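Participant: Please find one structure pasted underneath; my questions will follow.
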Amino acid sequence: MKKYLAEMVGTMVLVLLGCGTAVSLNCGVDPASVIGTAIAFGLAVVAMAYTIGGISGCHINPAITLGCLLTGRISGKDAGMYMLFQVIGAFIGSAILYALVATSPELAQGTTTGANACSGTVVNGLIAEIVLTAIFVLVVLGTTDSKKGAGNFAGLAIGLSLILIHLVGIHYTGTSVNPARSIAPAVFAGGDALAQLWVFIVGPFVGAVIAAGIWKTVGED
């Protein structure tokens, strides 16, 4: 149970700090806000990787959990429980952020939730989420491999890669690459974010499958 709770806490922190930064900086209005938001998501992952990595592996992302399941690093039962608690954590983080904004709306610069939505067409957004998630999950699988991985530097590599992915993806979708991170904010935001939520569930999961296939082909003996 401890590892499930760790995933819940880690995902809560990721959503609260990442989406919270997007809200505070009004992400997308200018380059500085995009860079700040990208750094926030990356640093949140680094912080949690070194905080709960030894407990649960710090997936804090259903797409990563799926990638680990497909490469035999986690059981089906644990994968299902990880995803459940990740979504719960995302709702907690979103609720805290929503409460902060609702009680002092004058402090919010951007949206009240940091929810994802496609800037262009749905197809454009789906392509972005598939490709960027595949890259991200591949980095996770490679850096955390017990024989070929980056050891204690894995958390840093994963966090830095997430910064790069956000710098590319914010323009197209706000960057999800994480179904839990999208589900909870979309419920609070409603509108286009909720209508397009399927893109941010299907895209990351397809990307995770691609990443698992690539790693099993090139990374495993």
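Participant: Just want the ordering: Glu220, Glu7, from fewest to most Cβ atoms lying within 10 Å of their own Cβ. Walk me through the numbers on the way to the answer.
Facilitator: Values: Glu220 12, Glu7 32.
Ranking Glu220, Glu7 by Cβ neighbours within 10 Å, fewest first, gives Glu220, Glu7.
Participant: Give the label of the value calculated from the structure for mean projected area of the Cα convex hull in nm², choosing from [x] 11.9; [y] 11.0; [z] 14.4.
Facilitator: [y]
Participant: Now a separate question. Provide the per-residue ³J(HN,Hα) series for the stretch 28-44, in order, calculated from phi with Karplus coefficients 6.51, -1.76, 1.60 and θ = phi - 60°, each as a whole number of Hz, with x at glycine and proline positions.
Facilitator: x, 6, 8, x, 4, 5, 5, 4, x, 5, 4, 5, 4, 5, x, 5, 4
Participant: Determine ³J(HN,Hα), in whole Hz, for all residues of the stretch 156-173 in sequence, where each value follows from phi through the Karplus function 6.51 cos²θ - 1.76 cosθ + 1.60 and θ = phi - 60°; x replaces Gly and Pro.
Facilitator: After applying 6.51 cos²θ - 1.76 cosθ + 1.60, I find 5, 4, 5, x, 5, 5, 5, 4, 4, 5, 5, 4, 7, x, 4, 4, 9, 9 Hz.
Participant: While we're on this one: Please list the non-local residues whose amide H lies under 5 Å from the amide H of Thr144, H modeled 1.01 Å from N, same-chain partners needing a gap of 5 or more.
Facilitator: Ala150
Participant: Quick one: if you stick a label point 7 Å off each Cα along the C-beta vector at Leu156 and Val122, how many nm between them?
Facilitator: The two pseudo-label positions are separated by 4.3 nm.
Participant: Give the residue from Tyr4, Val87, Ile130 lying farthest towards the positive end of the charge dipole for the chain; charges sit on Cβ (+1 for Lys and Arg, -1 for Asp and Glu) and the dipole is referred to the Cα centre.
Facilitator: Tyr4
Participant: Follow-up. Take the chain, mark every one of the trypsin sites (Lys or Arg not before Pro) that falls in a DSSP loop and has at most 14 other Cβ within 10 Å, then report the longest stretch left between them, sites excluded.
Facilitator: Details: sites that count: Lys147, Lys148.
Longest gap between qualifying sites, sites excluded: 1-146.
Participant: Using the Cα centre as the reference, give the magnitude of the dipole from point charges on the C-beta atoms of the chain (Lys, Arg: +1; Asp, Glu: -1; all else neutral), rounded to the nearest 20 debye. Please list the in-between numbers first.
Facilitator: On the way: 8 positive and 9 negative charges, 101 e Å.
Here the size comes out at about 480 debye.
Participant: Mind listing the phi-derived Karplus ³J(HN,Hα) values for the stretch 61-73, rounded to whole Hz, using 6.51, -1.76 and 1.60 with θ = phi - 60°, and x for any glycine or proline?
Facilitator: 6, x, 5, 5, 4, 5, x, 5, 5, 6, 9, x, 8
Just so you know, all these numbers are worked out from the coordinates, no wet-lab data involved. Since we're looking at a predicted model, the values are computed, not measured. Note that we place each Cβ from the backbone using ideal geometry, even for glycine, and neighbour counts take in every protein chain shown.
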